[in-house]
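Have a look at the structure below before the remarks.
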Amino acid sequence: MIRQIKTMLRPLKRLVIRAQQQFYRLLDRLHIGTLDRFPDDYFTGREEKGWNEEIGRLVAEIQNRFAPASVLDVGCGAGAYLKLFERAGIRRLAGLEGSPRAVALSGMECIRCADLREYHAMTPPFDLTLCIEVAPYINDKDIGNLLRTLADGTAEGGTLLFSASDRFLGGKYHVNLKPREEWISLLEAQGMIYQPRDTQALRDLCAPFRHNVWLHENLMVLRKACRSAAG
């Protein structure tokens, strides 16, 4: 009986979620606080209950596969990834985060508060750039600024790990959901080159994850083209 009721209510729930997403799109266009709406435990609670153990396995594989000497995390929250890279011995770290509270909660001097809807020049660029499930919160009129920040912030020959929901998830405050192929096309227009083998290898690693489940479906690896090679 309960299952039947849930099935009957599912279309209504989807309508409510779609209306909610339209509302957040409007707020985003008006630049009204959509980057700082989550409670504190959204940023800090993930360090418990297996979240960090999973991320730690991913970070270890990233180091093994790409050996970055510097890491930039755009939309880094309270710095979960950056803290793991720091523990692994990487000294040049930087993070950009739209929530002042997340920056304060991080306790990391390398993280600064920034409106991710604007372009940020990160110089010198980094060997590895992360942008994990941030793009869905950035409206189409501003998404080019985020993607340019990622591309320009990645050194030539460097690596970008990008994850963005490509389907209707009902994610809170999502305003920009695109097919994976479209995200790749937009990033390749910024000088990035999609890496299918590395992408599949990392997705396979993330397949058993119980907390960071979106990584298995959404994670992409791209390489920054070298000017000499591109020419």
* Tell me, which residue of region 196-207 that is under 17 Å from the mean Cα position of the chain (by Cα) and free of Cβ contacts under 8 Å to residues at least 40 places away in the same chain is surrounded by the fewest Cβ atoms within 10 Å (Cβ to Cβ)? -> R203
* To do: Restrict the check to region 130-137 and report whether at least one residue is modelled with pLDDT under 90 and more than 15 Å from the chain's Cα centre (by Cα).
  => no
* Is there any pair with a first residue in region 88-102 that is on the phi < 0 side of the Ramachandran plot and a second that is modelled with pLDDT under 90 whose Cβ atoms are under 6 Å apart and which are 6 or more apart or on different chains, and what are they? -> G98/L35; S99/D36; A102/F43
* **Cross-chain or 6+ apart pairs with Cβ under 7 Å, region 208-221 first and in a helix (DSSP H, G or I), then of a type in the set (S, T, N, Q) and modelled with pLDDT of 90 or more** => W214/S163; L215/S163; N218/S163
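State all residues of region 107-118 that are touching a residue at least 60 places away in the same chain (Cβ under 8 Å) and either in contact with a strand residue (DSSP E or B) (Cβ under 8 Å, 6 or more places away or on another chain) or surrounded by fewer than 16 Cβ atoms within 10 Å (Cβ to Cβ) (or both); if no residue qualifies, say none.
Start the filter on region 107-118 by keeping residues that are touching a residue at least 60 places away in the same chain (Cβ under 8 Å), which leaves 115-117.
Within region 107-118, D115, L116 qualify.
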* To do: Return the total of residues in region 53-80 being part of a helix (DSSP H, G or I), modelled with pLDDT of 95 or more and either of a type in the set (F, W, Y) or under 26 Å from P100 (Cα atoms) (or both).
  => 2
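The values are calculated or read from the model by the stated rules, or taken from the named source; none is laboratory data. Note that this is a predicted model, so its numbers are computed, not measured. Don't worry about glycine lacking a Cβ; one is built from the backbone with ideal geometry, like all the others, and counts go over all protein chains shown.
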